[in-house]
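J.: First, the structure itself, so that you have it in front of you.
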Amino acid sequence: MTDPYAERVRRLTALRGCDTVLSAARPVSVAEQLDAIRARADDDPLPDFYGEGGAVAALEHRVAELLGTEAAAFFPTGTMAQQVAMRYGAELTGSDAVGLHPLSHPLLHERDAYAVLGGLRAVRTTGAPRNPTAEEVAALDEPIGTLLLELPLRDAGFVLPTWDELVATVDAARDRGARVHLDGARIWESTVHLGHSTAEIAALADSTYVSFYKSLGGISGAALAGGADLVRYARAWRHRYGGTLFQQWPAALAALHGLDHELPRLAGYVAHARNVAEALAALPGARVHPAPPHTHQFRLWLPHPADALNDANLALAEEEKAWFVGGWQPTELPGMAMAEVTVAEPALKLDADQVTELAERFLRRVSPA
């Protein structure tokens with residue numbers, strides 16, 4: 001039987017050893033992570049204690065500034081942060097109904113925690129592979145206490161609305177008496193497509209969750225930002241959920257390092273993702289979505305079995321020290337596979353011709369001449 005952990009280590013080891021990488025950030029070692037933490041640590045010899053002081057307090061202050069909110073609370077996971085945000089909305093409005101997209105993170109990836117732990121009820125906002133429109137929110141056939149909007153909607157292809165569409169959807173929720181919560185795990189790179197800053201985006205909502213590892217390269221952790229009342233409530237429920245760890249300075253320092261070093265680069269990744277997507281769309285039988293990408297991540301389809309594509313990518317990495325795209329998954333169409341492409345720092349070294357040349361080397365391994 002195949003050992004999933006051993007296979008994952010093999011893939012990451014191969015990726016780390018590559019000289020050329022199109023999709024993904026190069027994995028960092030524990031030693032490199034420690035170096036980043038050490039570089040961000042200041043002269044204060046004392047760490048945080050149970051979420052108070054030290055690097056955790058500095059990170060919370062930084063996030064509140066970036067999002068333009070009164071306060072922010074650090075959480076060990078985004079799942080926990082969002083449970084608290086939805087619970088808060090239910091208590092304020094008296095409604096246990098939460099407007100959720102069928103592809104949203106709470107419905108797909110959290111084992112029904114919103115219902116099992118929070119006693120909440122999902123009202124599905126739309127069946128379309130995008131965030132709901134103002135018209136769809138206005139036409140919901142039952143009231144909701146909170147509308148959760150995931151920016152971008154990852155499992156629909158990292159898609160975003162336009163700014164005007166987002167404003168209209170928020171206004172429609174307000175008209176129905178609902179609070180608005182933003183799942184902003186990837187809000188950092190959404191500013192380019194929306195044409196507004198993180199603070200301007202967060203100002204539309206009552207609360208915003210952000211992640212520190214998905215795009216910023218941190219170890220773990222998240223923050224829930226909003227008004228002072230929300231954050232006081234969040235700290236109380238963070239304790240009840242078991243999220244007030246004795247010390248969290250490693251994760252906080254890694255997050256601060258990501259905000260210093262990776263956040264300023266994201267706009268460049270988004271711009272280059274458009275060039276990469278255009279080159280990949282020209283491959284035989286390929287499709288990309290969205291076109292152009294809304295962030296530095298998008299979906300790619302190729303007319304080959306997923307196993308063949310994953311095997312070809314690993315062989316290319318191990319034998320030629322070049323990584324094309326990994327993580328291929330089967331789709332509803334036999335023989336057609338899909339993968340998520342992430343354009344990060346390594347991909348900036350590749351122009352359109354080099355992307356095409358790498359793709360051709362990859363495809364020769366899938367379909368030998």
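J.: Would you point out the residue of the range 219-243, among those that are of a type in the set (D, E, K, R) and within 15 Å of GLU52 (Cβ to Cβ), that is least open to solvent (accessible area, probe 1.4 Å)?
T.: Of the range 219-243, the ones of a type in the set (D, E, K, R) are 229, 232, 235, 238, 240.
Still in the running and within 15 Å of GLU52 (Cβ to Cβ): 232, 235, 238.
Values: ARG232: 146, ARG235: 68, ARG238: 6 Å².
Among those that are of a type in the set (D, E, K, R) and within 15 Å of GLU52 (Cβ to Cβ), it is ARG238.
J.: List every residue pair whose Cβ atoms sit under 6 Å apart, with the two residues 6 or more apart in sequence or on different chains, where the first one lies in the range 90-114 and is closer than 18 Å to LEU140 by Cα and among the hydroxyl-bearing types (Ser, Thr, Tyr) and the second, anywhere, is at pLDDT 95 or above and surrounded by 15 or more Cβ atoms within 10 Å (Cβ to Cβ).
T.: Sorted first by the residue in the range 90-114, then by its partner, the pairs are THR93/GLY145; SER95/GLY145; SER104/GLU150.
J.: If you don't mind, there's one more thing I want to ask. Is it the case that VAL123 is open to solvent by less than 50 Å² (accessible area, probe 1.4 Å) and in a strand (DSSP E or B)?
T.: yes
For every residue, the table says whether it meets (1) in contact (Cβ under 8 Å) with a residue 60 or more places away in the chain; (2) out of contact with any helix residue (DSSP H, G or I) (no Cβ under 9 Å at 6 or more places or on another chain); (3) β-branched (Val, Ile, Thr).
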site: ARG130; (1), (2), (3): no, no, no
site: GLU135; (1), (2), (3): no, no, no
site: ALA138; (1), (2), (3): no, no, no
site: GLU142; (1), (2), (3): no, yes, no
site: LEU148; (1), (2), (3): yes, no, no
site: PRO152; (1), (2), (3): yes, no, no
site: GLY157; (1), (2), (3): yes, yes, no
site: LEU160; (1), (2), (3): yes, no, no
site: ASP164; (1), (2), (3): no, yes, no
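J.: Determine, yes or no, whether ARG240 is touching a strand residue (DSSP E or B) at 6+ places or on another chain (Cβ under 7 Å), modelled with pLDDT of 95 or more, at negative phi and among the basic types (Lys, Arg).
T.: In short, no.
J.: With respect to ALA234, is the statement that it is in a helix (DSSP H, G or I) and within 24 Å of the chain's Cα centre (by Cα) true?
T.: Judged against the criteria, ALA234 is a match.
J.: Is it true that VAL343 is among the aliphatic types (A, V, I, L, M) and closer than 21 Å to LEU153 by Cβ? It would help to see each step written out before you state the result.
T.: Details: among the aliphatic types (A, V, I, L, M): yes; closer than 21 Å to LEU153 by Cβ: yes.
Considered against the rule, which asks whether it is among the aliphatic types (A, V, I, L, M) and closer than 21 Å to LEU153 by Cβ, VAL343 comes out as yes.
J.: Considering only strands (runs of 3 or more DSSP E) fully contained in the range 257-357, which possess at least 2 residues that are under 15 Å from ALA24 (Cα atoms) and touching a helix residue (DSSP H, G or I) at 6+ places or on another chain (Cβ under 7 Å)?
T.: In the range 257-357, 297-302 are the strands (runs of 3 or more DSSP E) which contain 2 or more residues that are under 15 Å from ALA24 (Cα atoms) and touching a helix residue (DSSP H, G or I) at 6+ places or on another chain (Cβ under 7 Å).
J.: May I ask you to say which residue of ALA312, ALA273 is in contact with a Pro (Cβ under 6 Å, 6 or more places away or on another chain), modelled with pLDDT of 95 or more and open to solvent by less than 20 Å² (accessible area, probe 1.4 Å)?
T.: Answer to the selection: ALA273.
The values are calculated or read from the model by the stated rules, or taken from the named source; none is laboratory data. Just so we're clear, the structure is a prediction, and the values are computed from it rather than from any experiment. Every residue, glycine as well, gets a Cβ built from its backbone with ideal geometry; the counts of neighbours run over all protein chains shown. For accessibility, only protein heavy atoms count, side chains too; no ligands or nucleic acids. Shrake-Rupley method; radii C 1.70, N 1.55, O 1.52, S 1.80 Å.
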